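The block underneath contains the structure these notes are about, expressed in structure tokens.
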Amino acid sequence: MNWFGRVAALYDSKRKDFNWRLAADGVIHHHNGLVRDRAAYMRKVRKGGAASEKAVHESETALSRFGFRFLGRLKPDALLLDAGCGRGGSSLLLAARYPQLRIRGFTLSSYQASAARSAARVRGISGRVKFLKGSMLALPVRAGSFDAVWACESTEHVPDMSDFFREAARVAKPGARLVIIAWVRNAGHRLGRKYAALADKAYVTCIHSEREYLEGTKGTGWELSRKEDLTSPTAAYWAGRAALGSGSGTESFMAPGFAYRALLYRLYAYRLKK
């Protein structure tokens, strides 16, 4: 099985999993959370039961909403690409935030695409929010189609970031915004490779260094306009998951990885030169 087949198989197998269990509101996330008040968050988590899981889920929703700010002003009829859309969590939130926004989400997983389509139908938005099976490195769309590109914890599955930047540039309109939120290997940390390797094995990822997010854009037209370090707020999120005691099992290395800053959590916002 090739690399992308392995990624698809992983997500085809994730059905009634931890992410699904957290999503009482039907918005299934596949990404970290953002915690600004660690003490208050940990108090909620330690209560146990539904309240603790709700606190974890709300922190993941907070991460999405924080990232949306960097998409810029989206026109009412804008078309957004959700590159690596998972089960549609970010797209559902974006559709609620922008009632006329059109969205196309792509995932390698047949199951995820089907689950996301079902969620869109339940919300009555399937006319403008569509989910398809496909690779974000070879999108079946015309050049210059998208006003914005959202890639939240999906570029970890891309072997070479320059391939993604080129394809995103092809399908985006001049002046488009691209927001990437990603786990990043701390190349300057003595434990960076150790924790990246543990994550890579569990999640079928190839976690990139920051250099790859900064230099992979060369020759593509994308220019970095903003960078945010979210490592501390997500270290708090993982501490909560570890305290929960009923997560996915990856807390044993993801929590210390971010706490030690061997793994970094970054938001990168780019603009495509006109």
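Restricting the calculation to alpha carbons of the chain gives Rg and Dmax of 17.6, 52 angstrom.
Residues whose amide H comes within less than 5 Å of that of LEU132, counting only those at least five positions distant or on another chain, are GLY105, PHE106, THR107 (H built at 1.01 Å from N in the peptide plane). Between the alpha-carbon centres of region 214-232 and region 17-63 there is a gap of 28 Å.
In a fully extended conformation the segment linking GLN100 and SER225 would gain 42.4 nm over its present Cα-Cα distance, using 0.36 nm per residue. Treating r as the C-beta distance of LYS218 and TRP20 and R0 as 41 Å, the FRET efficiency rounds to 0.55. Note on region 3-272: antiparallel DSSP beta bridges, both residues inside, total approximately 45 percent of the bridges counted.
Which value at 222 nm does the chain reach when only helices count, each DSSP H run of 4 or more adding -39,500 (n - 2.57), with the total divided by all residues and rounded to the nearest 500 deg cm²/dmol?
Rounded to the nearest 500, the figure is -13000 deg cm²/dmol.
Legend: calculated FRET efficiency, ALA39 to ARG123, from the Cβ-Cβ distance at R0 = 22 Å, rounded to 0.05, equals 0.05. Centroid-to-centroid, using Cα positions, region 137-213 and region 246-274 are 12 Å apart.
In this structure, ARG65 and ALA138 have a Cβ-Cβ separation that, at R0 = 35 Å, corresponds to a calculated FRET efficiency of about 0.70.
Read the figures in this text as sums done on the coordinates, not as results from a lab. All figures in this text were calculated on a predicted structure; none of them were measured in a lab. Note that we place each Cβ from the backbone using ideal geometry, even for glycine, and neighbour counts take in every protein chain shown.
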